[in-house]
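Notes follow the structure.
The values are calculated or read from the model by the stated rules, or taken from the named source; none is laboratory data. Fair warning: this is a prediction, and the values are worked out from it, not measured in the lab. All Cβ positions, glycine included, derive from the backbone under ideal geometry; neighbour counts span all protein chains shown.
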């Protein structure tokens, strides 16, 4: 019924005109032609309807996010309880960024009620029934789609973690990756997102990068983490 209403209402819009089928005694040949047109129109509208539904479900695919890409705005986090998830993915580097992220956020983010990844892991270990895969969260969509709101299973994982930590916001470092420049130097990029846990809304998403340097030099990692902390705590510079 709904599809039928959709066809009747929007067929003229799709075809750029108002469709009125002739009625009355039209003769067998004319009536057969009109029936064929009706059937063809049903197929056309069905195809257009399916395309419309497909394009409207979630956000469309986008190119892999590059340094400087950003959506949303980081609010003043002072007084907010924030869960900091472990780094989810690494590409081209072996360094453990979680301690560096914790250090940078604590050093810059006075007044924010941080729950760092190690503390979060200990808290969740006391409630194994919550089944939150801290280091293997389903975050791949952030690398292929423009995400405005998250759904399950990620939403459920964060909501359960927030239930035992009373967190309002979650910071997820989605991916850290090494990029090789034309001159042979290396740059670390960090993809991250800030989420409203209760509503599942993406507050901010962005890609930051550190200073170029020699591969294997931990300073290139530290500079990328510092860039992330600086972005998240921009108001501390004012």
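Which residues, counting only those in region 131-142, are surrounded by 16 or more Cβ atoms within 10 Å (Cβ to Cβ) and part of a helix (DSSP H, G or I)?
From region 131-142, those surrounded by 16 or more Cβ atoms within 10 Å (Cβ to Cβ) are 132, 134, 137, 139, 141-142; that's our starting set.
Those that are surrounded by 16 or more Cβ atoms within 10 Å (Cβ to Cβ) and part of a helix (DSSP H, G or I): 141, 142.
Does residue 110 count as in contact with a helix residue (DSSP H, G or I) (Cβ under 9 Å, 6 or more places away or on another chain), assigned to a loop (DSSP other than H, G, I, E, B), at pLDDT below 95 and not assigned by TED's automatic domain parsing to the domain that holds residue 196?
On the way: in contact with a helix residue (DSSP H, G or I) (Cβ under 9 Å, 6 or more places away or on another chain): yes; assigned to a loop (DSSP other than H, G, I, E, B): yes; at pLDDT below 95: yes; not assigned by TED's automatic domain parsing to the domain that holds residue 196: no.
Spelling it out, it is not the case that residue 110 is in contact with a helix residue (DSSP H, G or I) (Cβ under 9 Å, 6 or more places away or on another chain), assigned to a loop (DSSP other than H, G, I, E, B), at pLDDT below 95 and not assigned by TED's automatic domain parsing to the domain that holds residue 196.
Could you list all residues from region 177-228 that are surrounded by 19 or more Cβ atoms within 10 Å (Cβ to Cβ), farther than 26 Å from residue 147 by Cα and touching a strand residue (DSSP E or B) at 6+ places or on another chain (Cβ under 6 Å)?
Hits for region 177-228 are 186, 220, 221.
Just to be sure before I move on: is residue 136 in contact (Cβ under 8 Å) with a residue 12 or more places away in the chain, farther than 23 Å from residue 225 by Cβ and within 23 Å of the chain's Cα centre (by Cα) in the structure I sent?
no
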